[in-house]
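The values are calculated or read from the model by the stated rules, or taken from the named source; none is laboratory data. Because the structure is predicted, anything quoted here is derived from the model rather than measured. Note that we place each Cβ from the backbone using ideal geometry, even for glycine, and neighbour counts take in every protein chain shown.
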């Protein structure tokens, strides 16, 4: 039997369209890859609460799933899921810098337990079991991520703010317009996927990852450094495409399905060995 590939997939803009329906052909392509014996998992900036439904809808059989931009990895144990590996950091320095520059923004933190604390409600946030608190309470405990939403600012504003504030002590990614996601230093989707790969004993050069955002650049670099494949979606920003090894078509036309269909079938893999 040939060695399987580890396939790590971003969700928004890769698996999902903007209205949160599936990109054309993606469920079928994922099923083909899974049934061929490859291991398909998710690597997303979403929390586990916003991810689990897609693991189930896509029929993924992987026992490890990467969430919160690599800060949280979930593990399947029988019929339930547990937080297998969680990275946290002290959010107070970053929060202080951000508050000075974005006093009117909405803030949310995700604790190591998965609970979310937020300053104001926002429809785009998954806040089941969350708790609204004063800004000063956001830093009471270590967190796995800080999320900042400021409708009055765009991505360029956030890039300038990050540089001016000196937020180099934590990793950051700008996912959607006016959405800044801050994770522990040195943590991204790639560091989490390496932990998954090592735990599962899969080969370093049999990795394929796909995504469309700046928070996917880390996992692109990780995949390529090991001899694997990194696929950027067609609608990705130029800097994301530049970081990838290949570019597929956009999410609206099923670019992920096209990329997944290039994975070798077991017979093709055997012929090379």
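Against the conditions (1) surrounded by fewer than 24 Cβ atoms within 10 Å (Cβ to Cβ); (2) at pLDDT 85 or above; (3) more than 18 Å from residue 144 (Cβ to Cβ), where does residue 195 fall short? Just the number, please.
That leaves (3) as the condition not met.
Please note which strands (runs of 3 or more DSSP E) are completely contained in the stretch 34-126 and include at least 3 residues that are closer than 30 Å to residue 262 by Cβ. Steps first, please.
Working: elements: 39-42, 64-67, 72-77, 80-86, 106-111, 116-118.
Result: 39-42, 64-67, 72-77.
Sort through 45, 25 and tell me the only one that's surrounded by fewer than 19 Cβ atoms within 10 Å (Cβ to Cβ) and touching a residue at least 60 places away in the same chain (Cβ under 8 Å). Give the steps one after another, and end with the answer.
Values: 45 fails: surrounded by fewer than 19 Cβ atoms within 10 Å (Cβ to Cβ).
The match here is 25.
Scanning the stretch 237-254 for residues that are part of a helix (DSSP H, G or I) and under 18 Å from the mean Cα position of the chain (by Cα), which turns out nearest to residue 33 (Cα to Cα)? Lay out the reasoning, then the answer.
First pass over the stretch 237-254, keeping only residues part of a helix (DSSP H, G or I): 238-243, 251-253.
Add one more test, that the residue is under 18 Å from the mean Cα position of the chain (by Cα), and what stays is 239-241, 243, 251.
Working: 239: 28, 240: 25, 241: 24, 243: 24, 251: 18 Å.
In this case the residue turns out to be 251.
Before we move on, is residue 234 surrounded by fewer than 20 Cβ atoms within 10 Å (Cβ to Cβ), at positive phi and either part of a loop (DSSP other than H, G, I, E, B) or at pLDDT 95 or above (or both)? Let's see the steps before the verdict.
Numbers: surrounded by fewer than 20 Cβ atoms within 10 Å (Cβ to Cβ): yes; at positive phi: no; either part of a loop (DSSP other than H, G, I, E, B) or at pLDDT 95 or above (or both): yes.
No: the conditions fail for residue 234.
Give me the residue from the stretch 10-19 that is in contact with a helix residue (DSSP H, G or I) (Cβ under 9 Å, 6 or more places away or on another chain) and part of a loop (DSSP other than H, G, I, E, B) and, out of that set, surrounded by the most Cβ atoms within 10 Å (Cβ to Cβ).
Taking the candidates together, the pick is 10.
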